[in-house]
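> Can you keep this structure in mind? I'll have questions shortly.
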Amino acid sequence: MLAKLIMAGTVGALLGAAVVAAAAPELSLRGGRFKPPTYAELGPDQKTFVDKEIAAGRTPGAGGPFNIYLRSPEMAELSRPLTDYLRFKSPMPRKLKEIATMLTARFWGGQYVWYSHRQQALDAGLSPAFISAMAAGERPANMTPEEAAVYDFTTELLSTRQVSDANFKAMVDHFGERGVVETVGTMGHFHMLTMLFVVDKYPVPAGAPDEIKAPR
(Lines give C-alpha, C1' and ligand atoms only; values in the text may rest on other atoms or scores of the structure.)
Protein backbone atom coordinates (compact mmCIF):
# COMPACT_ATOMS: atom_id res chain seq x y z
CA MET A 1 0.00 0.00 0.00
CA LEU A 2 2.79 2.39 0.93
CA ALA A 3 4.62 1.54 -2.26
CA LYS A 4 1.48 2.31 -4.26
CA LEU A 5 1.11 5.68 -2.53
CA ILE A 6 4.74 6.55 -3.21
CA MET A 7 4.35 5.52 -6.85
CA ALA A 8 1.18 7.58 -7.19
CA GLY A 9 2.87 10.58 -5.63
CA THR A 10 5.82 10.27 -7.96
CA VAL A 11 3.60 9.98 -11.02
CA GLY A 12 1.58 12.96 -9.85
CA ALA A 13 4.69 15.04 -9.37
CA LEU A 14 5.95 14.13 -12.83
CA LEU A 15 2.60 14.96 -14.41
CA GLY A 16 2.50 18.26 -12.55
CA ALA A 17 5.98 19.14 -13.76
CA ALA A 18 4.98 18.23 -17.30
CA VAL A 19 1.93 20.51 -17.11
CA VAL A 20 4.03 23.40 -15.84
CA ALA A 21 6.63 22.84 -18.56
CA ALA A 22 3.92 22.69 -21.21
CA ALA A 23 2.37 25.91 -19.93
CA ALA A 24 5.68 27.81 -19.89
CA PRO A 25 6.10 29.85 -23.10
CA GLU A 26 9.07 29.24 -25.33
CA LEU A 27 11.27 32.34 -25.40
CA SER A 28 13.23 32.34 -28.64
CA LEU A 29 15.37 35.31 -27.69
CA ARG A 30 18.69 36.50 -29.05
CA GLY A 31 21.40 38.39 -27.23
CA GLY A 32 25.10 39.01 -26.87
CA ARG A 33 26.47 39.90 -23.46
CA PHE A 34 22.96 39.72 -22.04
CA LYS A 35 22.39 35.98 -22.07
CA PRO A 36 18.86 35.09 -23.25
CA PRO A 37 17.02 33.37 -20.38
CA THR A 38 14.45 30.63 -20.44
CA TYR A 39 11.04 31.32 -18.96
CA ALA A 40 11.93 29.21 -15.91
CA GLU A 41 14.96 31.42 -15.25
CA LEU A 42 12.95 34.63 -15.06
CA GLY A 43 12.26 36.46 -11.82
CA PRO A 44 8.69 37.32 -10.79
CA ASP A 45 8.74 40.84 -12.29
CA GLN A 46 10.22 39.51 -15.52
CA LYS A 47 7.57 36.79 -15.77
CA THR A 48 4.85 39.37 -15.20
CA PHE A 49 6.30 41.48 -18.03
CA VAL A 50 6.51 38.49 -20.39
CA ASP A 51 3.00 37.33 -19.54
CA LYS A 52 1.59 40.81 -20.23
CA GLU A 53 3.37 40.95 -23.58
CA ILE A 54 2.02 37.56 -24.60
CA ALA A 55 -1.51 38.45 -23.45
CA ALA A 56 -1.31 41.58 -25.61
CA GLY A 57 -0.32 39.50 -28.64
CA ARG A 58 3.32 40.57 -28.59
CA THR A 59 5.01 37.16 -28.35
CA PRO A 60 8.71 37.64 -27.54
CA GLY A 61 10.87 36.86 -30.54
CA ALA A 62 14.51 36.62 -31.53
CA GLY A 63 14.74 40.10 -33.03
CA GLY A 64 14.57 43.46 -31.31
CA PRO A 65 15.31 44.64 -27.80
CA PHE A 66 13.05 42.29 -25.82
CA ASN A 67 15.93 40.33 -24.30
CA ILE A 68 17.64 43.57 -23.29
CA TYR A 69 14.45 45.05 -21.85
CA LEU A 70 13.99 41.98 -19.65
CA ARG A 71 16.77 43.41 -17.49
CA SER A 72 14.45 46.28 -16.57
CA PRO A 73 10.78 45.42 -17.18
CA GLU A 74 9.71 48.63 -15.44
CA MET A 75 11.69 50.78 -17.85
CA ALA A 76 10.38 48.79 -20.80
CA GLU A 77 6.75 49.27 -19.76
CA LEU A 78 7.15 52.97 -19.04
CA SER A 79 8.94 53.65 -22.32
CA ARG A 80 6.50 51.77 -24.56
CA PRO A 81 3.80 54.48 -24.86
CA LEU A 82 6.39 57.11 -25.83
CA THR A 83 8.05 54.75 -28.28
CA ASP A 84 4.73 53.86 -29.91
CA TYR A 85 3.78 57.51 -30.20
CA LEU A 86 7.06 58.67 -31.72
CA ARG A 87 7.34 55.81 -34.18
CA PHE A 88 3.75 55.27 -35.25
CA LYS A 89 1.46 58.09 -34.14
CA SER A 90 3.32 61.38 -34.43
CA PRO A 91 2.32 63.19 -37.63
CA MET A 92 5.68 63.42 -39.42
CA PRO A 93 5.83 61.04 -42.42
CA ARG A 94 7.42 57.73 -41.60
CA LYS A 95 10.25 57.99 -44.11
CA LEU A 96 11.41 61.23 -42.52
CA LYS A 97 11.46 59.60 -39.09
CA GLU A 98 13.62 56.86 -40.59
CA ILE A 99 16.17 59.45 -41.71
CA ALA A 100 16.58 60.67 -38.13
CA THR A 101 16.59 57.09 -36.83
CA MET A 102 19.25 55.81 -39.22
CA LEU A 103 21.52 58.81 -38.82
CA THR A 104 21.37 58.31 -35.05
CA ALA A 105 22.19 54.61 -35.46
CA ARG A 106 25.12 55.47 -37.70
CA PHE A 107 26.41 57.98 -35.15
CA TRP A 108 26.94 55.06 -32.73
CA GLY A 109 28.02 52.50 -35.29
CA GLY A 110 24.82 50.69 -34.34
CA GLN A 111 24.85 47.94 -36.93
CA TYR A 112 21.75 46.13 -35.64
CA VAL A 113 19.54 49.23 -35.51
CA TRP A 114 20.82 50.20 -38.96
CA TYR A 115 20.10 46.70 -40.26
CA SER A 116 16.64 46.50 -38.68
CA HIS A 117 15.57 49.92 -39.97
CA ARG A 118 17.09 49.66 -43.43
CA GLN A 119 14.15 47.67 -44.81
CA GLN A 120 11.67 49.82 -42.90
CA ALA A 121 13.19 52.91 -44.52
CA LEU A 122 12.90 51.32 -47.97
CA ASP A 123 9.29 50.36 -47.27
CA ALA A 124 8.61 53.93 -46.15
CA GLY A 125 9.83 55.35 -49.45
CA LEU A 126 13.53 56.14 -49.06
CA SER A 127 15.56 55.05 -52.07
CA PRO A 128 18.49 52.60 -51.86
CA ALA A 129 20.75 55.39 -53.10
CA PHE A 130 19.58 57.67 -50.28
CA ILE A 131 20.34 54.99 -47.68
CA SER A 132 23.72 54.14 -49.22
CA ALA A 133 24.71 57.79 -49.12
CA MET A 134 23.83 58.02 -45.42
CA ALA A 135 25.82 54.87 -44.74
CA ALA A 136 28.85 56.39 -46.44
CA GLY A 137 28.49 59.65 -44.52
CA GLU A 138 27.54 61.56 -47.65
CA ARG A 139 24.69 63.99 -48.20
CA PRO A 140 22.08 62.23 -50.38
CA ALA A 141 21.42 63.75 -53.79
CA ASN A 142 18.05 64.89 -55.10
CA MET A 143 16.37 65.23 -51.71
CA THR A 144 12.93 66.77 -51.38
CA PRO A 145 12.79 69.96 -49.27
CA GLU A 146 11.27 67.95 -46.40
CA GLU A 147 13.97 65.27 -46.57
CA ALA A 148 16.69 67.92 -46.69
CA ALA A 149 15.25 69.72 -43.67
CA VAL A 150 15.31 66.55 -41.53
CA TYR A 151 18.68 65.40 -42.85
CA ASP A 152 20.43 68.73 -42.31
CA PHE A 153 18.87 69.29 -38.89
CA THR A 154 19.75 65.81 -37.64
CA THR A 155 23.23 65.77 -39.13
CA GLU A 156 24.14 69.15 -37.69
CA LEU A 157 22.80 68.31 -34.25
CA LEU A 158 24.73 65.02 -34.16
CA SER A 159 27.99 66.42 -35.50
CA THR A 160 28.14 69.82 -33.76
CA ARG A 161 25.72 69.41 -30.82
CA GLN A 162 24.12 72.63 -31.99
CA VAL A 163 21.55 73.66 -34.62
CA SER A 164 21.85 76.76 -36.78
CA ASP A 165 19.04 79.26 -37.14
CA ALA A 166 18.70 78.25 -40.80
CA ASN A 167 18.21 74.55 -40.07
CA PHE A 168 15.88 75.28 -37.17
CA LYS A 169 13.78 77.55 -39.41
CA ALA A 170 13.63 74.94 -42.17
CA MET A 171 12.27 72.38 -39.72
CA VAL A 172 9.70 74.79 -38.29
CA ASP A 173 8.61 75.89 -41.75
CA HIS A 174 7.92 72.31 -42.82
CA PHE A 175 6.81 70.62 -39.59
CA GLY A 176 6.15 73.30 -36.99
CA GLU A 177 7.79 73.49 -33.59
CA ARG A 178 6.07 70.23 -32.74
CA GLY A 179 8.05 68.54 -35.49
CA VAL A 180 11.31 69.87 -34.07
CA VAL A 181 10.54 68.55 -30.60
CA GLU A 182 9.35 65.16 -31.83
CA THR A 183 12.32 64.69 -34.15
CA VAL A 184 14.68 65.30 -31.22
CA GLY A 185 12.54 62.92 -29.15
CA THR A 186 12.87 60.24 -31.83
CA MET A 187 16.62 60.73 -31.91
CA GLY A 188 16.76 60.48 -28.13
CA HIS A 189 14.84 57.20 -28.17
CA PHE A 190 17.20 55.70 -30.72
CA HIS A 191 20.27 57.01 -28.94
CA MET A 192 19.17 54.92 -25.96
CA LEU A 193 18.18 51.88 -27.98
CA THR A 194 21.29 51.88 -30.16
CA MET A 195 23.56 52.25 -27.14
CA LEU A 196 21.85 49.28 -25.50
CA PHE A 197 22.43 47.12 -28.59
CA VAL A 198 26.05 48.28 -28.79
CA VAL A 199 26.68 47.51 -25.10
CA ASP A 200 25.08 44.08 -25.54
CA LYS A 201 27.14 43.37 -28.69
CA TYR A 202 23.83 42.23 -30.12
CA PRO A 203 24.36 39.87 -33.08
CA VAL A 204 23.33 40.84 -36.58
CA PRO A 205 21.76 38.02 -38.65
CA ALA A 206 24.04 36.27 -41.10
CA GLY A 207 23.93 37.86 -44.53
CA ALA A 208 22.76 41.25 -43.27
CA PRO A 209 24.08 44.28 -45.17
CA ASP A 210 27.25 45.27 -43.35
CA GLU A 211 27.21 48.96 -44.11
CA ILE A 212 28.34 50.49 -40.83
CA LYS A 213 30.59 49.03 -38.16
CA ALA A 214 31.95 51.86 -36.03
CA PRO A 215 31.25 55.53 -35.32
CA ARG A 216 32.67 57.93 -37.88
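> State, to one decimal in nm, how far the label point of Tyr85 lies from the label point of Thr160, with both points 7 Å from Cα in the Cβ direction.
Result for the modelled spin labels: 3.0 nm.
> Separate question: Quick check: the angle from helix 2-23's long axis to the longest principal axis of the chain, C-alpha only, nearest 10 degrees?
10
> Here is a further query. If you fit an axis through the alpha-carbon atoms of helix 94-107 and take the longest principal axis of the Cα set of the chain, what angle between them do you get, 0 to 90°, nearest 10?
Here the helix axis deviates by roughly 80 degrees.
> Send over the per residue convex hull volume for the range 108-173, Cα only, as a whole number of Å³. Don't skip to the end; give the middle numbers.
On the way: hull volume 6.4 nm³, N = 66.
Output value, Cα hull per residue: 97 Å³.
> Right, here's the next one. Okay, which of the range 29-62 sit inside 19 Å, backbone N to the point 7 Å along the Cα-Cβ direction of Glu74?
Inside the label zone: 42-53.
> At 1.4 Å probe size, with every protein chain present, just tell me what the per residue accessible area of the range 68-216 comes to in Å².
Working: 7430 Å² over 149 residues.
The answer is 50 Å² per residue.
> Follow-up. Please tell me the relative contact order of the chain in percent, rounded to the nearest whole number, where contacts are Cα pairs under 8 Å and at least six residues apart.
Numbers: 199 pairs, mean separation 59.4, N = 216.
Normalised by residue count, the contact order of the chain is 28 percent.
> Taking the 0 to 90 degree range and rounding to the nearest ten, how far is the long axis of helix 111-124 tilted relative to the main principal axis of the chain, both from C-alpha atoms?
70
> Let me ask another. Could you work out the mean projected area of the convex hull around the alpha carbons of the range 117-216, in square nanometres to one decimal?
Working: hull surface 28.3 nm².
For the range 117-216, the mean projected area of the Cα convex hull comes to 7.1 nm².
> Tell me the carbon and sulfur percent of the accessible area for the chain, rounded to whole percent, probe radius 1.4 Å. All intermediate terms of the calculation are to be shown ahead of the outcome.
On the way: 7290 of 11880 Å².
The nonpolar share, carbon plus sulfur, comes to 61 percent.
> So, one more: Using label points projected 7 Å from each Cα along Cα→Cβ, tell me how many nm separate Ser132 and Lys35, to one decimal.
Each label point lies 7 Å from its Cα, and together they span 4.3 nm.
The values are calculated or read from the model by the stated rules, or taken from the named source; none is laboratory data. Nothing here was measured: the structure is a model prediction, and the numbers come from that model. Cβ: placed from backbone, ideal geometry, glycine included. Neighbour counts: every protein chain shown. Areas reflect the complete protein model, heavy atoms only, side chains present, ligands, DNA and RNA absent. Shrake-Rupley method; radii C 1.70, N 1.55, O 1.52, S 1.80 Å.
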